[in-house]
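These notes are about the structure you will find just below.
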């Protein structure tokens, strides 16, 4: 678990979640993204998280 668990839960977890909501909301409102090439994204385990197994080319454009 990225923020731990049980009675030793990370005290910054709530702030990190709130911050992520604000940042992602702002980015998704202002920008749009599109895969540069149509390719299958293969997941890969990275410690306790998952991520793509290779780079994924993305085109990002402003919405306005």
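Would you work out the relative contact order for the chain, in percent, from Cα pairs under 8 angstrom that are 6 or more residues apart?
32 percent
Plugging the Kirkwood radius over Cα pairs into Stokes-Einstein for the chain, at a temperature of 20 °C and a viscosity of 1.002 mPa s, what D comes out in µm²/s? Write out the running numbers ahead of the final one.
Working: Rh = 14.7 Å.
Taking Rh from Cα pairs, D becomes 145 µm²/s.
Between 0 and 90 degrees, rounded to the nearest ten: what's the tilt of helix 13-30 against the longest Cα principal axis of the chain?
10 degrees
Mind giving me the nanometre distance, one decimal, between the label points for residue 54 and residue 41, set 7 Å out from Cα along Cα→Cβ?
1.6 nm
Given only helices, namely DSSP H runs of n ≥ 4 each adding -39500 (n - 2.57), what is the per-residue ellipticity at 222 nm of the chain, to the nearest 500 deg cm²/dmol?
When only DSSP H runs of four or more count, the value is -9500 deg cm²/dmol.
Every number here is computed from the coordinates shown, using simple stated rules; none is lab data. If you're wondering where the values come from, they're calculated on a predicted model, not measured in any experiment. Here the Cβ is made from the backbone with ideal geometry for all residues, glycine too, and neighbour counts use every protein chain on show.
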